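*Asks:* After the structure tokens below, expect a handful of questions from me.
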Amino acid sequence: MDFVPKIETVGLNFYYSDFLALEDVNIKIPGQNITSIIGPSGCGKSTLLRCCNRMNDLIEHTKVEGGIIIDEQDILRPDTDLISLRRKVGMVFQRPNVFDLSIYNNLKFGLRIHQMLNRKDEVMQAVQQGLEHVGLWGELKDKLGKNARALTLEQQQRLCIARVLILRPDIILLDEPCSALDPISTLKIEDLLRVLKQEYTLVIVTHNMQQAARVSDYTGFMYLGQLIEFGETKQVFTNPKEKLTENYISGHFG
Amino acid sequence: MVRESFSKYIKELEKEVTEMGEMVIVAITRSVEALKTLNVNEAKRIIADDMLINKKRWDIEEKCINLIATQQPVASDLREILAILCIVTDLERMGDYAEGIGKIVVMHGSEPLIKPLVDIPRMAEKAVSMLKKSLDAFLRRDAQAAMAINSEDDEVDLLYEQVYRVLLNYMIEDPRTITRATYLIWVAHNLERFADHITNICERIVFLVTGTMSEVKVSRY
């Protein structure tokens with residue numbers, strides 16, 4: 001694989017107290033592509049994802065070793081500015097976590113936290129662009145004052161993605177972004193991800209192997225905290241190098 | 001539209017199948033022309049160019065396999081990919097028949113043809129027209145048109161019989177023509193087989209559109 005990695009982990013170990021959740025993970029994630037991380041429950045895929053914007057810092061009794069290089073900076077260094085890191089490396093969660101606020105205020109929230117854009121017309125423009133990006137502007141432009149919780153789950157998830165996009169990130173981490181959605185909404189979100197990859201680096205953790213196969217350009221398979229295999233998705237799903245990967249993706253275990 | 005990217009892949013595949021079909025049409029046309037003019041150098045080029053058709057087949061197969069592995073196609077999408085896998089296998093074999101005619105031209109060498117070619121070019125023309133129609137039916141998903149093409153294979157079979165009878169007469173009259181007449185019978189046989197594969201393609205088009213698998217026509221040879 002010939003690319004300059006956008007994200008690179010070097011000898012990454014991660015502990016929850018004494019439990020080694022990630023063991024010597026070395027992964028190179030390319031920019032402007034979709035990379036999926038698959039593996040059985042508890043294999044460390046979400047932990048790996050959450051390391052990339054240091055969300056795990058919020059959990060007590062955890063320890064991390066090694067390095068995570070994003071754009072030539074090791075983000076594990078103690079002097080990393082976490083607010084700007086999390087703006088640059090946005091995250092979308094399993095269940096759409098919209099705030100109990102209007103659609104407009106959901107989008108404005110992040111801008112305020114990050115002290116971006118204060119002028120009302122600029123905020124409005126950013127809101128419009130964010131919603132356009134996720135294909136919601138047409139449906140919602142006259143309902144920006146409506147509570148975001150009244151939206152369908154798919155719309156909520158799109159709104160969550162817009163809320164990340166509005167902060168102009170480089171990287172978007174998605175942790176099971178479609179597991180609360182029905183199959184058609186899932187396919188629609190996947191189509192959105194394919195559009196977004198032209199501008200952003202997307203990393204998606206999913207239980208749904210078929211989704212990883214459908215949507216991603218690269219796939220990593222994790223097992224018991226280790227990265228077993230990483231490669232182009234079509235290679236991993238047609239001719240995996242490791243027997244363990246083959247057994248997992250063909251449903252022989254997991 | 002949902003799954004736009006998947007539809008895009010399918011469209012690309014269809015385009016590649018058409019391109020491969022056109023390569024086969026060019027190959028068979030060139031091979032019969034090389035026979036007419038006894039152009040051994042052209043025949044050698046046709047033999048070498050068959051590699052390109054083979055490669056096209058592997059490329060398309062690989063894309064089909066990737067789509068099955070990554071996109072979980074079902075219903076008509078699945079049938080289309082399966083139909084394409086079968087169609088490219090037939091097209092590849094048809095390319096081999098063109099190559100085979102090229103090899104016969106090389107064997108024939110510069111000795112004059114025992115008779116001017118009449119029915120062999122007709123067989124080729126008929127087969128090419130059938131193939132063009134079948135590729136068109138494939139793109140339009142037209143099962144009826146595909147069925148209709150099948151009946152045209154009878155015409156190719158009749159021409160084959162005619163070629164065979166005429167050449168047998170030549171051989172009986174003058175045993176010195178046996179080798180060259182046999183070469184021409186082989187050419188006609190290649191063309192007859194070539195056309196039979198078009199009926200396979202038509203069966204796959206019917207399967208793609210209707211979901212039923214059946215032998216639409218049993219060839220006489």
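Computed from the coordinates by the stated procedures, all read-outs in this text should not be read as laboratory data. Note that the structure is a prediction, hence the values are computed from the model and not measured. No Cβ is skipped: glycine too gets one built from the backbone with ideal geometry, and neighbour counts run over all protein chains shown.
*Asks:* Scan around A:V92 for amide H atoms under 5 Å from its own, H built in the peptide plane at 1.01 Å from N, and keep only partners 5 or more places away or cross-chain.
*Replies:* A:L173, A:L174, A:D175
*Asks:* From the P(r) of the protein assembly as shown, could you give the percentage of C-alpha pairs in the tail past 32 Å? Don't skip to the end; give the middle numbers.
*Replies:* Details: 62482 of 112575 pairs.
When all Cα pairs of the protein assembly as shown are counted, 56 percent exceed 32 Å.
*Asks:* Distance from the Cα centre of the range B:168-221 to that of the range B:61-88, in angstrom?
*Replies:* The range B:168-221 and the range B:61-88 have Cα centres spaced 28 Å from each other.
*Asks:* Separate question: Mean 1/r over all different Cα pairs, inverted: what Kirkwood radius does the range A:81-190 give, in Å? Don't skip to the end; give the middle numbers.
*Replies:* On the way: mean 1/r = 0.0716 Å⁻¹.
Kirkwood hydrodynamic radius for the range A:81-190: 14.0 Å.
*Asks:* Mind putting together the pair-distance distribution for chain A? All Cα pairs, 10 Å bins, whole percent per bin, short to long.
*Replies:* 7, 31, 35, 21, 6, 0
*Asks:* Could I ask something else about it? Anyone know which of B:M130, B:M94, B:M51 comes out most mobile in the 10 Å Cα GNM of chain B?
*Replies:* B:M51
*Asks:* While we're here: How would B:R93, A:R214, A:R163 line up from fewest to most surrounding beta-carbon atoms within 10 angstrom? If you can, show how the numbers build up before the last one.
*Replies:* Details: B:R93 17, A:R214 23, A:R163 26.
The order, fewest Cβ neighbours first, is B:R93, A:R214, A:R163.
*Asks:* What three numbers, in Å, describe the spread of the alpha carbons of the range B:62-192 along their principal axes, ordered from the longest?
*Replies:* 62, 29, 17
*Asks:* Now, a different point. Highest GNM mean-square fluctuation, chain B, Cα pairs closer than 10 Å: which of B:G102, B:G211, B:G21?
*Replies:* Greatest mean-square fluctuation among the candidates belongs to B:G211.
*Asks:* Could you run the Karplus curve 6.51 cos²θ - 1.76 cosθ + 1.60 with θ = phi - 60° over the range A:126-134 and give me ³J(HN,Hα) per residue in whole Hz, x for Gly and Pro?
*Replies:* 5, 4, 4, 4, x, 5, 4, 4, 9
*Asks:* Here's a follow-up. Note down the nm distance, to one decimal, between modelled labels 7 Å out along Cα→Cβ at B:R45 and at B:E155.
*Replies:* Each label point lies 7 Å from its Cα, and together they span 3.0 nm.
*Asks:* With Kirkwood's inverse mean 1/r over C-alpha pairs for Rh, give me the Rg to Rh ratio of the range B:85-154, two decimals please.
*Replies:* Reported Rg/Rh (Cα atoms, Kirkwood Rh): 1.08.
*Asks:* Please report the spacing between the Cα centers of the range A:140-184 and the range A:1-42 in Å, no decimals.
*Replies:* 25
*Asks:* Ok, one more. Rounded to whole Å and sorted largest first, list the principal axis extents of the Cα atoms in chain B.
*Replies:* 68, 33, 20
*Asks:* Based on alpha-carbon centroids, what's the gap between the range A:63-106 and the range A:225-240 in Å, whole number please?
*Replies:* The distance from the Cα centre of the range A:63-106 to that of the range A:225-240 comes to 26 Å.
*Asks:* Take the Cα gyration tensor of the range B:1-93, multiply each eigenvalue by 5, square-root it, and list the three semi-axes largest first, rounded to whole angstrom.
*Replies:* Numbers: eigenvalues 223, 24, 19 Å².
Result for the range B:1-93: semi-axes of 33, 11, 10 Å.
*Asks:* Points 7 angstrom from Cα along the Cβ direction at B:A145 and B:T182: gap in nanometres?
*Replies:* It works out to 4.3 nm between the two label points.
*Asks:* Would you mind checking the pairs A:K197/B:K11; A:K120/A:K146; B:K15/B:K56; B:K15/B:K132; B:K63/B:K132; B:K8/B:K55 and listing those with alpha carbons more than 20 angstrom apart?
*Replies:* Values: A:K197/B:K11 22 Å; A:K120/A:K146 18 Å; B:K15/B:K56 12 Å; B:K15/B:K132 14 Å; B:K63/B:K132 23 Å; B:K8/B:K55 22 Å.
As for pairs spanning more than 20 Å Cα to Cα, those are A:K197/B:K11; B:K63/B:K132; B:K8/B:K55.
*Asks:* Antiparallel as a % of all DSSP beta bridges within chain A, to the nearest 5? Could you put the intermediate results ahead of the total?
*Replies:* Details: 25 of 42 bridges.
That works out to approximately 60 percent antiparallel.
*Asks:* In nm, to one decimal, how far is the modelled label at A:E232 from the one at B:Y221, with both set 7 Å along Cα→Cβ?
*Replies:* Placing both labels 7 Å beyond Cα along the Cβ direction yields 4.2 nm.
*Asks:* Moving on. How compact and how long is the range A:1-53, expressed as Rg and Dmax of its alpha-carbon atoms in Å?
*Replies:* 11.8, 37
*Asks:* May I ask you to derive the FRET efficiency for A:S250 and A:S84 from their Cβ-Cβ distance with R0 = 41 Å, giving the value to the nearest 0.05?
*Replies:* Values: r = 43 Å, r/R0 = 1.04.
Working from the Cβ atoms, E equals 0.45.
*Asks:* State whether the range A:1-103 is rounded, prolate or oblate according to the following rule on the C-alpha gyration tensor (a ≥ b ≥ c being the square roots of its eigenvalues): a/c under 1.5 gives rounded; otherwise a/b larger than b/c gives prolate, and the remaining case gives oblate. Can you show the working numbers first?
*Replies:* Working: a/c = 1.34, a/b = 1.15, b/c = 1.17.
Rounded shape, in that the Cα axes give a/c under 1.5.
*Asks:* A further question follows. Please list, or write none, the lysines whose alpha carbon is within less than 19 Å of the alpha carbon of B:K126, excluding same-chain residues fewer than 8 places away.
*Replies:* By straight Cα distance, B:K126 reaches B:K36, B:K217.
*Asks:* Is it possible to state the helix-based mean residue ellipticity at 222 nm for chain A, with each DSSP H run of 4+ residues giving -39500 (n - 2.57), the sum divided by total residues, to the nearest 500 deg cm²/dmol? What is it? Could you put the intermediate results ahead of the total?
*Replies:* Numbers: 10 runs with 90 residues, N = 254.
Calculated from helices alone, the mean residue ellipticity at 222 nm is -10000 deg cm²/dmol.
*Asks:* If you don't mind, another one. Any aspartates and glutamates with Cα under 17 Å of the A:K88 Cα? List them, leaving off those in the same chain fewer than 8 positions away.
*Replies:* A:E8, A:D57, A:D71, A:E72, A:D74, A:D79, A:D170, A:D175, A:E199
*Asks:* Looking at chain A as a GNM with Cα springs under 10 Å, which of A:E199, A:E60, A:E72 has the largest mean-square fluctuation?
*Replies:* Between A:E199, A:E60, A:E72, it is A:E60 that shows the largest mean-square fluctuation.
*Asks:* Let me ask something additional. Counting residues in the range A:170-224 as N, plug N into 2.2 N^0.38 Å and put the Cα Rg over that result.
*Replies:* On the way: Rg = 11.0 Å, N = 55, 2.2 N^0.38 = 10.1 Å.
Rg over 2.2 N^0.38 Å, computed on Cα atoms: 1.09.
*Asks:* Given bins 10 angstrom wide, list per bin the percent of all Cα-Cα distances in the range B:124-221, short to long.
*Replies:* Reading upward from the zero bin: 17, 39, 24, 13, 6, 1.
*Asks:* Based on the Cβ-Cβ distance from B:E62 to A:D71, what FRET efficiency comes out when R0 is 30 Å, to the nearest 0.05? Mind showing how you got there, number by number?
*Replies:* Details: r = 35 Å, r/R0 = 1.15.
With R0 = 30 Å, the Cβ-Cβ based efficiency is 0.30.
*Asks:* Output the direction-averaged projected area (hull surface divided by four) of the convex hull of the alpha-carbon atoms of the range B:153-194, in nm².
*Replies:* On the way: hull surface 9.9 nm².
Over every viewing direction, the Cα hull of the range B:153-194 projects on average to 2.5 nm².
*Asks:* Rounded to the nearest 5, what % of DSSP beta bridges with both residues in the protein assembly as shown are antiparallel?
*Replies:* Details: 25 of 42 bridges.
Given both bridge residues lie in the protein assembly as shown, the antiparallel proportion sits at roughly 60 percent.
*Asks:* Can you give the helix-only mean residue ellipticity at 222 nm for chain B, where every DSSP H stretch with n ≥ 4 adds -39500 (n - 2.57) and the sum goes over all residues, rounded to the nearest 500 deg cm²/dmol? All intermediate terms of the calculation are to be shown ahead of the outcome.
*Replies:* Working: 6 runs with 186 residues, N = 221.
Dividing the helical sum by the residues of chain B leaves -30500 deg cm²/dmol.
*Asks:* Report the charge-dipole magnitude of the protein assembly as shown in Debye, nearest 20, computed about the Cα centre from +1 at each Lys and Arg Cβ and -1 at each Asp and Glu Cβ.
*Replies:* Working: 58 positive and 68 negative charges, 235 e Å.
Magnitude of the dipole: close to 1140 debye.
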